[in-house]
Amino acid sequence: MYQQEKHYAEAKTILVVEDEEINFMFIEEVLEDRNINLVHAFNGHEAIEICKTRNDIDLILMDMKMPLMDGFEATRHIKKFRPNLPIIAQTALAMAGDKDLSLEAGCDDYISKPINVEEIVALIDKYLLS
């Protein structure tokens, strides 16, 4: 559906922490032709466990509003044991101040929902191609 210009020479693995299946499917479709493996976590607890057991995670797309454990708390935990793992916060436009809160929690970058395809691809490239 989307034209992708960059295809990673080596496969990359992105952990998508998202409680809404439709949002995960959107990201899956956007990144389908880029040599990226996606791993899906539905909450912060799952994200922490995946990051503890899988060293192949290259980047995290972290929804900040989730049940059980939100993205703010999950980011703080993950950054304690994987400080160099890039985390991009995803949150709804309506949540004023979430960008600052996300960065304070340890996220490396931020994107607002609804997600703009070009913006998310550029952000991912910024971290995976550097």
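The values are calculated or read from the model by the stated rules, or taken from the named source; none is laboratory data. Because the structure is predicted, anything quoted here is derived from the model rather than measured. A quick note on method: Cβ atoms are made from the backbone with ideal geometry, for glycine too, and the neighbour counts reach across all protein chains shown.
A few remarks follow.
- Qualifying positions in the range 85-109 - within 24 Å of E21 (Cβ to Cβ) and either out of contact with any helix residue (DSSP H, G or I) (no Cβ under 9 Å at 6 or more places or on another chain) or at pLDDT below 95 (or both): Q90, T91, A92, L93, A94, M95, D98, S102
- Criterion: in contact with a Lys or Arg (Cβ under 7 Å, 6 or more places away or on another chain), of a type outside the set (A, V, I, L, M, F, W, C) and farther than 16 Å from E18 by Cβ - qualifying residue of R82, R76, R34, R54: R34
- Each residue in the range 76-130 was checked for being within 20 Å of K65 (Cα to Cα), of a type in the set (S, T, Y) and either buried (at least 18 other Cβ atoms within 10 Å of the Cβ) or touching a residue at least 60 places away in the same chain (Cβ under 8 Å) (or both), and 3 of them qualify.
- Criterion violated by Y8 - all others in (1) modelled with pLDDT of 95 or more; (2) surrounded by 14 or more Cβ atoms within 10 Å (Cβ to Cβ) satisfied: (1)
- Qualifying residue in the range 56-75 (condition: under 25 Å from L129 (Cα atoms), outside any strand (DSSP E or B) and aromatic (F, W, Y)): no
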